[in-house]
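Data first, discussion second: the structure below is written as structure tokens.
Derivation of every value follows stated rules applied to the coordinates shown; laboratory data play no part. All of these numbers come straight from a predicted model, not from anything done at the bench. Virtual Cβ from ideal backbone geometry, glycine too; neighbours counted across all protein chains shown.
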Amino acid sequence: MRKFAGVFVAAALVVPAALLVAPAGAAAAKPTCTKLSGTATFKPALPKAGSTKKVKPTITIVGAKLSGCTGGGVTGGTVKSTLKFGTASNCTDLLGGKSTNTKGTVGITWNTKKTSAATVTLKGVTGNATQQTVAGPISTGLFHGSKLSATTQFKPLNGGCTSADLAKVSFTLKAGAKLTVK
């Protein structure tokens, strides 16, 4: 009986302590987001398919919207980015899945006004010329030391890559994909 009472008292002390450490409904330590949309500008424009000219454009993203986030105390944010092709390329290379060695930074201003900055690499998705994986470590700000990753789907605008050089694309997360911070 004494052992039973001791176990019961110990359990009675542990349960409230556990509730203090991890309350029901507490936010996960890092976010997962279900929606991302924006436009990206290429300067100089990437020469259209069939061209032999090759360039190393800088890709600029300003004001892309990130939403549907759960975890980490955030629900969404605004994304800005500057990325640079490391290999001279054109639309034939891009749509053919050749590596462009594109790297740069992604900055997120979360709905809480806190920020994160990641150093990322873009890589084409095998078998889908209009998808890119974006991944890299968060080097400063909220979630520092974590890794950001997503798979995006882009759509050339204004005849880009077909009837004109690629100057602008719209993009979203790939259907069913999420932007994660781990």
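For the residue pairs Lys56/Lys178; Lys65/Lys168; Lys56/Lys168; Lys48/Lys178, the alpha carbons lie more than 21 Å apart in Lys56/Lys178; Lys48/Lys178.
Defining a contact as two alpha carbons under 8 Å apart and six or more residues distant in sequence, what relative contact order in percent does region 27-181 show? Please list the in-between numbers first.
Working: 460 pairs, mean separation 38.2, N = 155.
In percent, rounded to a whole number, it is 25.
Summing +1 for each Lys or Arg and -1 for each Asp or Glu among the other residues whose beta-carbon sits under 14 angstrom from that of Phe154 gives +4.
Among residues other than Gly72 with Cβ under 13 Å from its Cβ, the summed charge is +3 (Lys and Arg +1, Asp and Glu -1).
Among Lys65, Lys168, Lys178, rank each residue by its count of other Cβ atoms within 10 Å, from fewest to most, as a rough exposure measure. Numbers along the way, then the final one.
Details: Lys65 12, Lys168 15, Lys178 18.
Fewest-to-most ranking of Lys65, Lys168, Lys178: Lys65, Lys168, Lys178.
Note on Ala129 and Ala29: with the Förster distance fixed at 25 Å, the Cβ-Cβ geometry gives a FRET efficiency of about 0.10.
How large is the dipole of region 27-181 about the Cα centre if only Lys and Arg carry +1 and Asp and Glu carry -1, each at its Cβ, rounded to the nearest 20 debye?
Details: 20 positive and 2 negative charges, 26 e Å.
Result for region 27-181 is approximately 120 debye, rounded to the nearest 20.
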